[in-house]
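A quick write-up on the structure given underneath.
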Amino acid sequence: MQQDIFTMGVDIGSSASKCIIMKNGDAIVAKSLASVGAGTSGPEKAIAEVLHQFGGDLSQISWICATGYGRNSLKEANKEVSELSCHAKGAHFLFPGVKTVIDIGGQDVKALHMDGAGRLLNFVMNDKCAAGTGRFLDVMSRVLETKISDLAQEGAKSTKKVTISSTCTVFSESEVISHLANNETIPDVINGIHRSVASRIAGLAKRVGVEAPVVMTGGVASNFEVVRYVSEELNASIATSPLSQYNGAIGAAIYAFEAYRHQLEDDALTIGTSK
């Protein structure tokens with residue numbers, strides 16, 4: 001009986017570390033998330049937690065692949081793969097046939113155009129400004145003294161359209177404070193923030209070309225208001241998954257499986273030719 005192969009994917013982002021263990025490249029057996037990213041203890045915490053769920057240790061993991069902002073810092077990794085490749089691979093696993101992927105990270109926004117068979121055709125990326133990213137929403141939530149996880153529910157209570165027109169995080173913060181000083185309600189201001197974020201994200205996606213099926217990944221994919229407004233801006237249905245934030249780590253774990261299998265094939269070939 002063939003032995004199961006367990007691989008690990010670690011996505012070290014700017015604001016969170018995600019870790020996935022997969023069996024035979026097609027089944028997720030454990031997952032973890034630490035809410036701190038590159039340059040912190042986040043990766044180690046994520047790995048420790050995923051191994052605890054797995055009920056084993058690193059000696060049982062055949063191959064480890066790292067991706068994300070801090071992928072070069074993970075000493076346990078056997079391989080490093082770019083974020084774009086891992087997000088494309090992970091999105092195809094979660095959403096077979098996907099052609100457009102919008103990934104909103106802590107410090108960047110990526111829009112990927114794929115061929116429906118898992119191959120990346122083109123991409124655009126906004127990594128020069130925090131506007132429209134998870135970091136932007138984090139800053140706004142602090143100004144509003146609202147948990148970032150509560151933004152969608154609070155924004156859904158809005159009864160009045162409030163416009164956030166600034167495209168800079170610092171200026172947007174000042175604009176939000178001005179709205180509050182003018183007695184605008186927190187739900188209305190949050191709704192305005194969500195619309196502003198959605199407009200920026202949609203503008204980026206349009207540059208790469210939006211083709212259905214369209215999916216959204218990253219932590220912001222859990223904000224149903226942002227997803228709804230991006231959908232309206234693009235005039236396209238957008239799918240999400242409870243595993244959307246793990247998308248990069250999933251792709252990395254699949255790459256790890258493929259790399260390990262390739263190594264086994266090379267080893268077998270070497271043994272065969274040496275006889």
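If I ask for residues that are touching a Ser or Thr at 6+ places or on another chain (Cβ under 6 Å) and among the charged types (D, E, K, R), which ones from segment 170-200 would you list?
Within segment 170-200, Glu175, Asp188 meet the criteria.
Filter segment 144-163 down to the residues that are in a helix (DSSP H, G or I) and open to solvent by 20 Å² or more (accessible area, probe 1.4 Å) and list them by number. Break it down into steps so the answer makes sense when it comes.
Taking segment 144-163 as the starting set, the residues that turn out to be in a helix (DSSP H, G or I) are 148-155.
Of everything in segment 144-163, those that are in a helix (DSSP H, G or I) and open to solvent by 20 Å² or more (accessible area, probe 1.4 Å) turn out to be Ile148, Ser149, Asp150, Gln153, Glu154.
Hey, could you check segment 1-23 for residues that are touching a strand residue (DSSP E or B) at 6+ places or on another chain (Cβ under 8 Å) and part of a loop (DSSP other than H, G, I, E, B) and say which is surrounded by the most Cβ atoms within 10 Å (Cβ to Cβ)?
Ala16
If we keep just the residues of segment 99-125 that are in contact with a Ser or Thr (Cβ under 8 Å, 6 or more places away or on another chain) and not aliphatic (A, V, I, L, M), which is modelled with the highest pLDDT? Explain how you work it out, then say what you get.
Of segment 99-125, the ones in contact with a Ser or Thr (Cβ under 8 Å, 6 or more places away or on another chain) are 101-109, 111-114, 120.
Next cut, not aliphatic (A, V, I, L, M) only: 103, 105-108, 113.
Values: Asp103: 93, Gly105: 82, Gly106: 79, Gln107: 79, Asp108: 84, His113: 96.
Filtering first and then ranking leaves His113.
The values are calculated or read from the model by the stated rules, or taken from the named source; none is laboratory data. The model shown is predicted, which means the values in this text are computed figures rather than measured ones. Please note: Cβ atoms are built from the backbone with ideal geometry, for glycine as well, and neighbour counts cover all protein chains shown. Heavy atoms of the whole protein, side chains included, go into the accessibility calculation; ligands, DNA and RNA do not. Shrake-Rupley method; radii C 1.70, N 1.55, O 1.52, S 1.80 Å.
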